[in-house]
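Okay, here's the structure, questions in a sec.
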Amino acid sequence: NTGRSTAYMPQEIDTDKYFDGVVSGAGARIILDKKEIFCKLMSENAIRCFCETCFDTKDISILEGVEEMYIVGPPRPFVYDWQFITRDNIEQNIKIGLKIEKFTILGSAPKELQSVLGDDYIVLQHPTYAEVIQKAYTKAGAMKIVLDNLGIPSANSIAVGDSLNDFD
């Protein structure tokens, strides 16, 4: 159960070999026994609002996807070979249907981001980064779905977390 999106999970971890399933995107997507049993992606409108708000920030803003990772803003040197979403190509990329689980900002979230995205989203500001997740889909909610699918009572489960997105 991770806050990272599917595409952002370290490739060295062979999830098919070592795990029966994965919850990713802080509860946005669930794979159980190699089948997707739940997936609530960021809306097209939320993606557009996030990009428009973050195009001109100095911090690196990221769209964390199911299959791809994207950096919002003009191309610049970066550690990973991810695609860039710019003002010039946003419409083209949104038309192809970006599958985005969550947003991340390496640094501080713009102050207006929460109001721009609205009440369906939570902006969690950590000391060195911020993440935006959907309010209705959490790690705890995803755990409940997994437990229900496996027929395990919640009293027979344990959760340990180290971040704000683990609180519930």
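May I ask you to say which residue of SER157, SER163 is at pLDDT below 95, among the hydroxyl-bearing types (Ser, Thr, Tyr) and out of contact with any strand residue (DSSP E or B) (no Cβ under 9 Å at 6 or more places or on another chain)? Full working, then the answer.
Numbers: SER163 fails: out of contact with any strand residue (DSSP E or B) (no Cβ under 9 Å at 6 or more places or on another chain).
Exactly one of SER157, SER163 is at pLDDT below 95, among the hydroxyl-bearing types (Ser, Thr, Tyr) and out of contact with any strand residue (DSSP E or B) (no Cβ under 9 Å at 6 or more places or on another chain), namely SER157.
OK, next. Does the stretch 11-20 contain at least one residue that is open to solvent by less than 60 Å² (accessible area, probe 1.4 Å), in contact with an Asp or Glu (Cβ under 7 Å, 6 or more places away or on another chain) and either closer than 19 Å to GLY141 by Cα or among the basic types (Lys, Arg) (or both)? So that I can check it myself, show each step before the final result.
Kept after step one, since they are open to solvent by less than 60 Å² (accessible area, probe 1.4 Å), are these residues of the stretch 11-20: 15.
Restricting the remaining residues to those that are in contact with an Asp or Glu (Cβ under 7 Å, 6 or more places away or on another chain) gives none.
There is no residue in the stretch 11-20 that is open to solvent by less than 60 Å² (accessible area, probe 1.4 Å), in contact with an Asp or Glu (Cβ under 7 Å, 6 or more places away or on another chain) and either closer than 19 Å to GLY141 by Cα or among the basic types (Lys, Arg) (or both).
Right, another one. Are any of the residues in the stretch 60-72 open to solvent by 40 Å² or more (accessible area, probe 1.4 Å) and at pLDDT below 85?
Within the stretch 60-72 (the criterion being open to solvent by 40 Å² or more (accessible area, probe 1.4 Å) and at pLDDT below 85), the answer is no, since none of the residues qualifies.
Then there's this: Name the single residue that is surrounded by the most Cβ atoms within 10 Å (Cβ to Cβ) among those in the stretch 121-154 being out of contact with any helix residue (DSSP H, G or I) (no Cβ under 6 Å at 6 or more places or on another chain), free of Cβ contacts under 8 Å to residues at least 40 places away in the same chain and more than 20 Å from GLY21 (Cβ to Cβ).
My answer is ALA130.
While we're looking at this one, here's another question. Within the stretch 44-75, how many residues are among the small types (Gly, Ala, Ser) and touching a residue at least 60 places away in the same chain (Cβ under 8 Å)?
Kept after step one, since they are among the small types (Gly, Ala, Ser), are these residues of the stretch 44-75: 46, 61, 65, 73.
Next, only the ones that are touching a residue at least 60 places away in the same chain (Cβ under 8 Å) stay: 46, 65.
Qualifying residue count for the region: 2.
Moving to a separate point now. GLU91: of a type in the set (Asp, Glu), exposed (fewer than 12 other Cβ atoms within 10 Å of the Cβ), over 28 Å from GLN11 (Cβ atoms) and modelled with pLDDT of 95 or more, yes or no? Spell out how you get there, then give the answer.
Working: of a type in the set (Asp, Glu): yes; exposed (fewer than 12 other Cβ atoms within 10 Å of the Cβ): yes; over 28 Å from GLN11 (Cβ atoms): yes; modelled with pLDDT of 95 or more: no.
Against the criterion (of a type in the set (Asp, Glu), exposed (fewer than 12 other Cβ atoms within 10 Å of the Cβ), over 28 Å from GLN11 (Cβ atoms) and modelled with pLDDT of 95 or more), GLU91 does not qualify.
Please determine, by comparing only the residues of the stretch 1-30 that are touching a Phe, Trp or Tyr at 6+ places or on another chain (Cβ under 9 Å) and closer than 15 Å to ASN165 by Cβ, which one is modelled with the lowest pLDDT.
THR2
Quick check on LEU106: is it open to solvent by less than 20 Å² (accessible area, probe 1.4 Å), modelled with pLDDT of 90 or more and of a type in the set (A, V, I, L, M)? Please lay out each step first, then the result.
Details: open to solvent by less than 20 Å² (accessible area, probe 1.4 Å): no; modelled with pLDDT of 90 or more: yes; of a type in the set (A, V, I, L, M): yes.
Criteria not met by LEU106.
Hey, does the stretch 40-51 have a residue that's part of a loop (DSSP other than H, G, I, E, B), surrounded by fewer than 17 Cβ atoms within 10 Å (Cβ to Cβ) and of a type outside the set (D, E, K, R)?
Looking only at the stretch 40-51, we keep the residues that are part of a loop (DSSP other than H, G, I, E, B), and these are 40-43.
Remaining after also requiring surrounded by fewer than 17 Cβ atoms within 10 Å (Cβ to Cβ): 40, 43.
From what's left, of a type outside the set (D, E, K, R): 43.
Scanning the stretch 40-51, I find at least one residue that is part of a loop (DSSP other than H, G, I, E, B), surrounded by fewer than 17 Cβ atoms within 10 Å (Cβ to Cβ) and of a type outside the set (D, E, K, R), so the answer is yes.
Which number in (1) surrounded by fewer than 19 Cβ atoms within 10 Å (Cβ to Cβ); (2) within 20 Å of VAL66 (Cβ to Cβ) marks the one condition that VAL160 misses?
Condition not satisfied by VAL160: (2).
The values are calculated or read from the model by the stated rules, or taken from the named source; none is laboratory data. Just so we're clear, the structure is a prediction, and the values are computed from it rather than from any experiment. Cβ atoms come from the backbone with ideal geometry, glycine included; neighbour counts cover every protein chain shown. Accessible surface is based on the protein model in full, side chains and every heavy atom, while ligands, DNA and RNA are left aside. Shrake-Rupley method; radii C 1.70, N 1.55, O 1.52, S 1.80 Å.
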